[in-house]
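Report on one structure; see the data block that follows.
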Amino acid sequence: MISPRTLRNLRSELSRSLLAKLGIAILAVILFTALFAPLLAPHDPTDQNLDNANVPPLGFTATENQTTSQMVDGEVQIVEEEVVVNTTAEHPLGTDSLGRDVLSRTMFGARTSLLVGLLGTSIAVVLGVTVGITAGYYGGRIDDALMRFADVMLAFPSLVLAIALIGLWGQASWRIPDPLVALGIASSEMPEHVVLPGTVIVVVALVNWVWFARVARGEALSVRDQEYVKAARSMGGSDLHVILKHVLPNSLTPILVLATIQIAAIILLESSLSFLGFSGAQLSWGFDIAQGRQYLSSSWWIATVPGLAIVAAVIGINLIGDWLRDALDPGIEGQGGAP
Amino acid sequence: MTDPLVTVDGLEKYYYENDTLLDRLTGAEREAVRAVDGVSFEVREGETLGVVGESGCGKSTLAETLMRLREPTGGSVTFDGDPVYELSGDDMDAFRRRAQVMFQDPFSSLDPRMTAGEIITEPLAIHGVGTGAERRERAETLLEEVGLSADQIDRYPHEFSGGQRQRIGFARALAIDPEFVVLDEPVSALDVSVQAQVLNLLADMQAERDLTYLFIAHDLSVVRHISDRVAVMYLGEIVEIGPTEEIFEDPQHPYTKALLESVPRADTDERDRVVETIRGDVPSPRDPPSGCSFRTRCPELIQPPWLDAPQAAFREISEFRTRIENGDIDVDTRWEQVGDPDREDRAAFVDSLYAEAFDEDLPDDDEGTVREAIRALADGDREAAAATLRERYRSPCEAVDPALPAGEHPSACLLNEQPDDVEAAREEWEADRDAPGVGASSR
Ligand code: SF4
């Protein structure tokens, strides 16, 4: 489906654009981290150690107000003093209020975000493209019905819709044994399971498929009227043939570009759901931000580190989206066409 | 004479506007667009039938309906004895193999994401003919046959020129060995120099493979050398059909004559080519003229029996009448031009409009009638103005619908031979009316 010419365009656009390289680098780092988190993380992200709570990242200092009572001359004196909390090389990005390692948590959190982002987007693409192409290709009543339904879906703010659906279905999630731990490659101290937040994945897909449906429909509408579609039909090509061989391949570019943008949006949505406590995930960027929020004034890093991770992921994915758009769009008719 | 391969009988394709659910609920009148309005002809085995007409005359709809890419709203098409619109299953499959189309647009007729090889072998893939390797071989042979080279098989459409793309489109149409090919303006998007090459290729392949062509074009010069017979279409109807030589040497229908008088210039597009001798726009197929559909532009519009005006004058009057009837004359603007906001100086109004509308010298009687009509217009009574003109200048062409008789070279014009029922209708119309009074008397 990817022609040599498309590859050529992708490559030349990549060599031209610094931002595209940056986007790929960022995403590669995040992907790598997510895949090999048990090998890379210095600690078990769920390990608590209250003696070591609220340790700041290396290079920062933090003070904590401590109240101690002392007996001075037979009277109880309450002393408030500022205590300096020492940073430690063991926790390069500090620890949270329960003494869990922030770096390890952020590394493992990437798994949740990417799982939800990629799987959620895939389901949304399949659903949206199927509906959109059916609507656009057949038109008429089918189109009216499907698109009215899509408009209704769009009328709800996505977060509200997601929360409503989760409220309806509960928070089903599956625990999948982590192969790296199970095979003994990673330390057995790491968590044994990867949590697959099933409901959340389905819900973010249901909230976002409409965008794909709209784009796919628009593409199908314009491809449908091309003469090569007429030609295929005049040769006896069935609807399925026309859709698979002509409509789908020619609609793919904008769908692909949209998908990258939607992955970022879905990662944000998952974070919001976790932040609000609706996803049930205990190890995700959004969840950690929610945890760290109450310590923002004293231990800012608890929320900031996962927050920066989200920002980096979204930026990286969007840069890749821009690259795909620039590389794929003009390549169809414009470039190198002989007169 | 050989047998017909394709017989088209009374084919109709109407589109309906205002046909959504909402329109139906609100009871809006559905409006028919008569793209193809009762067309009958035959394509004989081994011949090329050219179909010519201006853009919007329904010739492409005719091709698509004939190929059953659209369902007709009436009439039938018979292909080698089989009723095309009743075929299904294997029979339909066979029709889809035996009849192919080559399209007009060198850009949109080839899928930009397929290679030349994939494009040419698509019909083979659809019908499951041959293995992958065999198909590829066939595509290579076809590429050579249409004048390209076999090693271009993996190129994409954007790597070819317009003429080369049309060759690929033609190779695709030939891939499955059809007997009948509809050529839908195959060269009209190409440069003139390239047109001739492609036309020659089409002719060569026809001779080599005994193909039957239906060749659609918007100008006569293109079909002249490739067609055995030519059908001329106007507003969804065939107005004249006959052997190519006769159509060019001895055209019968005023529209065909006008088309022939136009000299197509290579460097202009379709719209500009429309001939000087045919004035005015093609009427909308939503609301075709009564009687003969060409009458709004016909240079030979027939005068009523009581009239004997110079033809040019009669034509100007008729055109002026059409403008009034369609409400195309803006009375307010005209008054402004006259510079009389109080609208008192009717004579100035009449002079101004008369001078604008008439180049010809009208006979006195007619000038009187026309001025009378303009006076009514100045008073804001468009109906009366139209009635005044209609009374004196109605033509049999607007009351009687000419038919296309049978025969080798018929034409749908009242000036030529018409079937008995049309002649009868015309006589009845003429007998029914008395000559009206002449407007000049009431001046
Ligand atoms: S019937 Fe009348 S209007 Fe029609 S082509 Fe003949 S002369 Fe012209």
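Things worth noting here:
- Rolling a 1.4 angstrom probe over the protein heavy atoms with all chains in place gives the protein assembly as shown an accessible area of 46 Å² per residue.
- Most simply put, the protein assembly as shown has about 70% antiparallel DSSP beta bridges, counting only bridges with both residues inside it.
- Spatially proximal lysines relative to B:Lys257 (Cα-Cα < 20 Å; intrachain offsets below 8 disregarded): B:Lys59
- Carbon/sulfur fraction of accessible area - the range B:311-396, other protein chains in place, 1.4 Å, %: 37 percent
- Estimated D of chain A in µm² per second, where Rh is the Kirkwood radius over Cα pairs and Stokes-Einstein applies at 25 °C, 0.890 mPa s: 107 µm²/s
- Residues of the range B:104-146 whose accessible area (probe 1.4 Å, heavy atoms of protein chains only) drops by at least 40 Å² once all protein chains are present, relative to their chain alone: B:Ser108, B:Asp111, B:Pro112, B:Arg113, B:Glu122, B:Ile126.
- In the protein assembly as shown, taking the dipole from charged Cβ atoms about the Cα centre, the farthest positive-side position among A:Gln77, A:Ile26, A:Ser122 is held by A:Gln77.
- Prolate/oblate/rounded label for the range A:124-248 (Cα gyration tensor, a/c 1.5): oblate
- When nucleic acids and ligands are ignored and a 1.4 Å probe is applied, B:Val194 ends up with an accessible area of around 40 Å².
- Counting only alpha carbon atoms, the long axis of helix A:301-328 and the longest principal axis of chain A meet at about 20°.
- Here chain A exposes an accessible surface that is 62 percent carbon and sulfur, computed with a 1.4 Å probe and the other protein chains kept in place.
- Between the residues B:Thr121, B:Thr48, B:Pro402, the greatest Cα displacement towards the positive end of the dipole of the protein assembly as shown, with unit charges on the Cβ of Lys, Arg, Asp and Glu, is found for B:Thr121.
- For the range B:291-337, chymotrypsin sites (Phe, Trp or Tyr not before Pro) meeting the loop criterion (DSSP other than H, G, I, E, B) and having at most 13 other Cβ atoms within 10 Å: B:Trp306.
- DSSP finds beta bridges in the range B:4-250, and of those with both partners inside it, around 55 percent are antiparallel.
- For the protein assembly as shown, the calculated P(r) over all alpha carbon pairs, in 10 Å bins from 0 to the bin holding the longest distance, is 2, 10, 15, 15, 14, 12, 10, 8, 5, 4, 2, 1, 0, 0 percent.
- Evaluated over the Cα positions of the range B:4-250, the convex hull gives a direction-averaged projected area, one quarter of its surface, of 14.8 nm².
- Solvent-accessible area buried by pairing A with B, both sides, nearest 100 square angstrom, 1.4 angstrom probe: 2600 Å²
- Ligands, DNA and RNA left out, the accessible area of the range B:4-250 computed with a 1.4 Å probe is 43% carbon and sulfur.
- Nearest 10 degrees, 0 to 90: helix A:158-169 Cα axis against chain A principal axis: 80 degrees
- Whole-angstrom gap from the range B:133-151 to the range A:143-190, using each part's C-alpha centre: 51 Å
- Value of relative contact order over the range B:8-149, rounded to a whole percent, pairs C-alpha under 8 Å and six or more apart: 20 percent
The values are calculated or read from the model by the stated rules, or taken from the named source; none is laboratory data. Just so you know, these numbers come straight off a predicted model, no measurement behind them. Cβ atoms come from the backbone with ideal geometry, glycine included; neighbour counts cover every protein chain shown. For the accessible areas, the whole protein counts, side chains as well, though only heavy atoms, and no ligand, DNA or RNA atoms are used. Shrake-Rupley method; radii C 1.70, N 1.55, O 1.52, S 1.80 Å.
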